[in-house]
Structures are given as structure tokens and as C-alpha cells.
Amino acid sequence: MFLVGLDTTIVHVGLPAIGRGLDVGTRGLEWIVDAYTLVLASCLVSSGALADRFGRRRVFQYGLAVFGAASLLCALAPSVGVLVAARALQGIGASMLSPVALAIVVNAMPDPRERAQAIGIWASVFGLSMAAGPVTGGALLAGLDWRALFWINAPVVGVVLLLSAAFVPESRAPRARRLDLPGQVLLTMVLAVAVGVLIEGPHIGWTSPAALAGYAWAAAAAAAFVWVESRRREPLMDLRLFRRPAFSGAVLGAVTVFVALNVTLLLNTFYLQHTRGWTPLAAGVVTLPLAVGATVCAPWSGRMVGRTGPRLPLLLAGGFITAGALCLVRLTPHTSVLLLSAAYALIGMGFGFANAPITNTAVNGLPPARAGVAGAITSTARQLGAALGIALAGGLVTAAHPADLAHASRAGWILVAVCGVTLLLVARTARPRGGAVTASPRAR
């Protein structure tokens with residue numbers, strides 16, 4: 001799980017170096033990040049269903065192999081086109097890891113209280129990897145070039161393949177589910193077109209014929225997805241689950257948290273390296289308080305969910321993210337490092353408090369036999385949030401001169417604050433104790 005989260009954010013701090021090495025601008029750099037997150041988001045639910053059908057350990061190991069091979073392709077990429085394609089292949093491999101890892105945890109912990117605490121530990125690893133990506137990337141770039149950001153995956157994949165063979169038990173759902181290929185194609189289309197328009201919008205014009213065609217295409221694909229899913233016996237997503245406020249709130253919360261995190265990381269990278277001229281390592285070190293806050297608060301949040309339910313940690317998450325963002329809405333080229341570190345610490349604490357209640361609510365919304373799909377739904381929402389965050393933040397700074405980046409990024413910090421307020425509203429839908437959501441009969 002550390003690898004999946006790390007590769008979502010480790011590239012952030014290396015984007016300027018990749019841009020120089022491959023002679024690519026901000027739009028191309030956004031695609032390098034979002035090619036991974038878009039494919040990961042699109043394939044998670046199907047990968048979870050495959051794991052429930054064919055065995056979670058088997059799919060987990062296949063995912064490791066694909067992820068490792070794609071990482072080598074990224075490290076050897078001679079052009080931005082090859083790198084984007086290899087990142088998309090990485091996303092396919094990562095989609096076989098994230099929901100399966102959570103399913104293994106869920107099936108190993110039948111007691112709800114133990115499971116909530118275990119999810120908190122799981123979330124702390126995932127949260128640490130997401131937040132530590134910029135620090136790790138900065139350290140690698142201090143002595144090596146940007147290709148080291150991908151070489152680092154190979155030895156880790158090899159070790160995990162051996163450990164999973166020795167220690168991870170095989171498990172699968174009692175009844176196999178059919179794959180929903182029409183739903184998979186439509187979901188991929190909706191996500192790719194919507195995020196693609198956000199990335200290309202500043203370049204092609206928001207009201208240009210191409211942009212208008214993209215809006216229409218995304219809307220038509222979304223309508224078709226809802227129509228197809230509502231008529232299938234075993235849909236990719238049981239849309240009736242979204243009628244339940246707690247479940248839909250958890251999904252909205254997952255999107256919101258990752259929009260906030262990825263806007264924070266991308267704005268931090270461009271502001272510190274372009275405006276203030278810092279090295280990648282220095283820019284990554286400034287985010288250490290974010291990593292520490294996420295790592296400390298995630299297991300604490302899991303214990304709170306087990307004792308009192310998801311509402312309190314969600315309130316804390318929303319409050320901390322809002323406070324951290326408000327610290328930076330008046331950002332200037334000379335803002336003190338102390339204020340930057342304090343803001344990142346607050347956002348990291350909010351991120352840490354958010355993951356366990358969101359994941360626990362969504363997992364409890366489906367039966368244990370569907371744990372792979374349950375984990376995939378929230379993971380899909382997370383990666384969708386990551387892709388949207390990159391696209392939105394990139395749109396704010398893509399045309400800004402380095403001296404103007406601080407002012408241009410203020411709208412981004414307002415967006416992060418709005419994400420925090422949204423989490424406070426989501427907390428109102430969470431149950432004070434337990435936070436479980438009953439699945440619909442068809443989901444069972």
C-alpha cells in the first residue's frame with residue numbers, strides 16, 4: 001500500500017526536473033500525474049471484483065508484477081508520451097493492490113471494533129506514503145535525476161512479492177460476480193474526459209468548440225453509466241447505495257480529502273521551487289509536518305472510530321484542513337517558513353483524521369464477501385479526488401509567471417478551505433456511533 005500512495009505523490013516534487021529533462025510544460029506534467037490516478041480510479045472496482053472472484057493474493061501478486069514492470073518503463077522513458085503511457089500502465093497494476101490490501105485487512109478482522117482500529121493502521125501507512133512522497137522524491141533528486149523516482153519501486157516490489165507468497169493467505173468471495181465491462185468502459189470514459197477537459201481547458205479555452213464537445217461527451221457518458229448500472233443484475237457499482245446519506249457522504253468525503261491534499265502538494269511544489277528557488281529536497285522537507293501529522297493522527301482516528309464512531313474524527317479532519325488552508329490564503333513570495341510548516345501540519349492532521357472514518361463507513365456499507373469492491377469504491381473516490389486536485393491546481397498556475405505564483409495560488413488555498421468545510425458537512429451525515437451503512441438487498 002505504501003507504493004500505491006507513494007507513486008501518487010512522489011512525482012509532484014520532481015515535476016520541474018521532469019519538465020526540464022523531457023522539455024515539457026505544465027499541461028504535460030499534469031498528464032504525467034493524472035495518467036496514473038485516472039487509470040487507477042477507473043480500474044479499482046473491476047480489480048476488486050476480480051480479486052473477490054479469482055483470489056485476493058493472486059490478483060495482488062499480478063498487480064505487483066504489472067506495477068513493477070511499468071515502473072521500469074517509466075524510469076527508461078525517452079519522451080513524455082512514453083512516460084504518460086507507462087504511468088497509465090502503473091495505474092492498472094496499482095488498481096490490483098489498493099482494494100485487495102484493504103480486503104485482506106477486513107477479512108482478517110471480523111470484530112467491528114478491531115476492524116476499525118486495523119483500518120486506522122492501514123490508513124496510517126497509506127496516509128504516510130501519500131504525505132511522504134514529496135520528501136522521498138526530494139531526497140532522491142538531491143543526488144540523482146528524476147528517473148530515480150521510478151527505479152526505487154523495483155526492489156520494493158521484489159521484496160513484497162516474496163513476503164506475500166509467504167505470509168498472505170488466499171481468500172475469495174463465496175460467490176463470484178460477473179465483470180461489468182460496459183460499466184467499466186463508461187466509467188473510464190467519464191473520468192478521462194472530465195479530467196481531460198479540466199487539464200486542457202486553460203489552453204483550448206473554456207468555451208471553445210473542443211471544450212463544449214468535452215462537456216457534452218462527459219455528460220452523455222455519465223448518463224449512460226447511470227442507465228446501464230441501474231439495469232444490470234451485478235453492476236460495477238450498485239447506485240442504490242448512494243441513496244444512503246452515510247455512504248454517499250463517505251464517498252464525497254474521500255473525493256474532497258484528496259482534492260485538498262493534491263492541490264496542497266502541487267501548489268507547494270511550484271511555489272517553493274519556481275517562486276522561491278528552493279531545491280526539490282528543501283521543498284520536500286517543508287512538507288514533513290504534513291507527513292508527521294497524517295501518520296500520527298491516522299491510527300488515533302481509527303481508535304476513535306472504534307470507540308465513538310466516525311463523526312468526531314471527521315469534524316476534526318474538516319476543522320484542521322480548513323484552518324491550515326486559511327493560513328495560506330494571503331500567501332506571498334516571502335511568507336515565513338514557520339507559517340508554511342504550521343499550515344502543512346494542520347492539513348496533514350486533517351488528512352490523517354479523515355481516512356479511517358471514511359473507509360470504515362464505506363466498508364461497513366457492504367458485506368465482508370464484497371470487501372474488495374467495498375474498498376475499491378472509496379479508493380476510486382480518492383483517486384478521482386487526486387486527479388481533480390491536480391487538474392484544478394494546474395489550471396490555476398499553468399500560465400502564471402514564477403513571481404506571480406503566490407498570488408495565483410491563493411484561489412487554490414480557498415479551494416482547500418472549501419474542502420475542509422465540506423468535510424464538516426459530511427460529518428453531519430455520519431452516525432454518532434458505529435457509522436455502519438446497511439447494504440441494499442441486491443448488494444448482498
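The values are calculated or read from the model by the stated rules, or taken from the named source; none is laboratory data. This structure is a prediction, so every number in the text was calculated from the model and none was measured. Every residue, glycine as well, gets a Cβ built from its backbone with ideal geometry; the counts of neighbours run over all protein chains shown. With ligands, DNA and RNA removed, areas are computed over all heavy atoms of the protein, side chains included. Shrake-Rupley method; radii C 1.70, N 1.55, O 1.52, S 1.80 Å.
In this structure, does Arg233 turn out to be in contact with a helix residue (DSSP H, G or I) (Cβ under 9 Å, 6 or more places away or on another chain), in a loop (DSSP other than H, G, I, E, B), surrounded by fewer than 21 Cβ atoms within 10 Å (Cβ to Cβ) and at pLDDT below 85?
no
Only residues that are assigned to a loop (DSSP other than H, G, I, E, B), open to solvent by 50 Å² or more (accessible area, probe 1.4 Å) and either β-branched (Val, Ile, Thr) or touching a strand residue (DSSP E or B) at 6+ places or on another chain (Cβ under 6 Å) (or both) were counted in the range 335-348, giving 0. Annotation note: Cβ proximity below 7 Å between a residue of the range 11-36 that is of a type in the set (S, T, N, Q) and a residue that is open to solvent by 30 Å² or more (accessible area, probe 1.4 Å) (sequence gap 6+ or interchain) occurs for Thr26/Thr398. Among the residues making up the range 391-444, those that are surrounded by fewer than 18 Cβ atoms within 10 Å (Cβ to Cβ), closer than 30 Å to Met237 by Cα and at pLDDT 85 or above are Val418, Val421, Leu424, Leu425.
The set of residues in the range 276-335 being of a type in the set (Ser, Thr, Tyr) and over 25 Å from Gly137 (Cβ atoms) consists of Ser301, Thr308, Thr322, Thr332. Within the range 82-90, is even one residue part of a helix (DSSP H, G or I), touching a residue at least 40 places away in the same chain (Cβ under 8 Å), of a type in the set (D, E, K, R) and open to solvent by 50 Å² or more (accessible area, probe 1.4 Å)? Checked the range 82-90: no residue is part of a helix (DSSP H, G or I), touching a residue at least 40 places away in the same chain (Cβ under 8 Å), of a type in the set (D, E, K, R) and open to solvent by 50 Å² or more (accessible area, probe 1.4 Å). In the set (1) surrounded by fewer than 18 Cβ atoms within 10 Å (Cβ to Cβ); (2) farther than 21 Å from Trp122 by Cα; (3) not aliphatic (A, V, I, L, M), the condition left unmet by Thr269 is number (1). Sub-6 Å Cβ pairs linking a first residue in the range 189-204 that is open to solvent by 10 Å² or more (accessible area, probe 1.4 Å) to a second residue that is hydroxyl-bearing (Ser, Thr, Tyr), at least 6 apart or interchain, are Leu191/Ser42; Pro202/Thr398, ordered by first then second residue.
The conditions of being of a type in the set (Ser, Thr, Tyr) and over 19 Å from Ser129 (Cβ atoms) are not met by Ser95.
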